[in-house]
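The values are calculated or read from the model by the stated rules, or taken from the named source; none is laboratory data. Note that the structure is a prediction, hence the values are computed from the model and not measured. We place every Cβ from the backbone using ideal geometry, glycine too, and count neighbours over all the protein chains shown.
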Amino acid sequence: MAATPTCNNPYKEEIDFATLALQDADFAKILKPNGQLDFSNPESVLQLTKSLLKRDFNLKIEVALDRLCPPVPNRLNYILWIQALLDTTSDTYQDSYDSSREVVGLDIGTGASCIYPLLGCAQRPNWRFAATDIDDKSISFAKENILRNGLQGRIMPLQTKPDGPLIPMDLLGFENIDFGMCNPPFYDSNFDLLASASAKQRPPFTACTGSESEMVTAGGEVAFISRMIEESLLIQKRVQWYTSMLGKHSSLEAVVTKLRDKRVSNYAVTEFVQGNKTKRWGIAWSFGDLRPRVEVARGLNSLAKTFLPFPTEYGITLKKLDVTKAGERVNETLSNLPLKWMWKPAIATGVGFTQKAVWSRAFRRIAAQSRDSMEEDQDNFALGFKVSLLVEEDDSTVKVKIRWLRGFDSVLFESFCGMVKRKVEE
């Protein structure tokens, strides 16, 4: 099976139906003479999904016409975001794809297509999945699609009960997993579903198909994700990242408020935009202290800033200073502090850890009274950080970027950034 190890997105541009028809004879059969697709026809929409999966990922699926047919670009956006979350919160602190890392994910409500596990496995060879669903017919089709693509060794389908846990760790047989993902039903009732459908024009990438269990849940998606949050509070670090897609922008603030009420401070939000038509949103939270890059954690502008997670990057601009001299300033500043620090001048990057604000006056007073050395136990460090230097295009400006790698104390990170700024600007 073809594997795409990097975060490639073939759908940055609108899908060219004429080109797809030339590449896939089955798609050519359902395309209208004018080059348009009949989105009101479930069979046409299903063929579009099948043709894209075949052409771009070498995947084959079959889905019943009375079950949801997933739009591939939208689903891929969600998978790519999870990849970025994991890549920027690994113990290696590389902020890039580690092909040797083995990842286990859980797809809650995988549906008949089982599309998320299929896409995840096609993208990354060392990913495995558990895929759950409460619907008999959906789980049956999911099993067939797993076999159809020879992925029975990497995707484990499980039928669960409506009143059972959403994250059944004991049933899965894993002590820990890397992420959980979900695309919960948007609607609170059939009335809500029908009212929403009547207010819209033709949907861009899906006909109105789907069983009630796929479309409707009591309390809507906010209630569903709130249930996930309550379960996550019990199992906490057994899952590194809990994630969900949202179908309504209004749900974001409600979910973020719920997380904050539960004192969950390490979370991420984003939006998935496909062309100028389809838009969805993502929420993720973690009980660990590894912090994602700022563009991963704060990937949208439509949410009030008060609901965004704390920024994980801070920039300092140094004018009329070459990168070597700037690196010497940074290294000298941090080498003179009682913290763990390693600087690599060849790449103008350093990584460090500290247990407390060792640059503060309060610490210096305490240190003068006590000669106890700092334990270099990385698990006990309150702050992990990376400092990188970049030369701007004019060659006379150096950008110092401070990246928050790990920790729960945003005040400590702010204090550190302020100290570095003062020192390097002197």
**Message:** For the range 305-342, which positions are surrounded by 15 or more Cβ atoms within 10 Å (Cβ to Cβ) and assigned to a strand (DSSP E or B)?
**Reply:** 313, 314, 316, 318, 340, 341
**Fill in**
Of the conditions (1) in contact with an Asp or Glu (Cβ under 6 Å, 6 or more places away or on another chain); (2) modelled with pLDDT under 95; (3) not charged (D, E, K, R), the single one that residue 215 does not satisfy is (1)
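This table checks each residue for (1) hydrophobic (A, V, I, L, M, F, W, C); (2) touching a helix residue (DSSP H, G or I) at 6+ places or on another chain (Cβ under 6 Å); (3) part of a helix (DSSP H, G or I).
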position	(1), (2), (3)
32	no, no, no
35	no, yes, no
40	no, no, no
44	no, yes, yes
48	yes, no, yes
56	no, no, yes
62	no, no, no
69	yes, yes, no
**Prompt:** Name the pairs: first residue in the range 406-417 and within 16 Å of residue 340 (Cβ to Cβ), second residue assigned to a helix (DSSP H, G or I), Cβ to Cβ under 6 Å, at least 6 apart or on different chains?
**Reply:** none
**Item:** Selection from the range 304-331 of residues that are free of Cβ contacts under 8 Å to residues at least 24 places away in the same chain and charged (D, E, K, R)
**Value:** 305, 325, 328
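When you check residue 113 against the structure, is it in a loop (DSSP other than H, G, I, E, B), assigned by TED's automatic domain parsing to the domain that holds residue 296 and either within 20 Å of residue 244 (Cβ to Cβ) or aromatic (Phe, Trp, Tyr) (or both), yes or no? So that I can check it myself, show each step before the final result.
Working: in a loop (DSSP other than H, G, I, E, B): yes; assigned by TED's automatic domain parsing to the domain that holds residue 296: yes; either within 20 Å of residue 244 (Cβ to Cβ) or aromatic (Phe, Trp, Tyr) (or both): yes.
Yes: the conditions hold for residue 113.
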**Message:** It is to be established whether one or more residues within the range 59-79 are surrounded by 22 or more Cβ atoms within 10 Å (Cβ to Cβ), under 15 Å from residue 177 (Cα atoms) and in contact with a Pro (Cβ under 8 Å, 6 or more places away or on another chain).
**Reply:** no
**Message:** Of everything in the range 272-309, what is at pLDDT 95 or above, β-branched (Val, Ile, Thr) and more than 15 Å from residue 413 (Cβ to Cβ)? Give them in sequence order.
**Reply:** 283, 296
**Message:** Could you tell me how many of the residues in the range 225-277 are more than 16 Å from residue 89 (Cβ to Cβ), surrounded by fewer than 18 Cβ atoms within 10 Å (Cβ to Cβ) and among the polar types (S, T, N, Q)?
**Reply:** 4
**Fill in**
Checked pairs for the range 138-157, first in a loop (DSSP other than H, G, I, E, B), second surrounded by 20 or more Cβ atoms within 10 Å (Cβ to Cβ), C-beta under 6 Å and 6 or more apart or across chains, list as 149/59; 151/121; 152/146; 154/121; 154/128
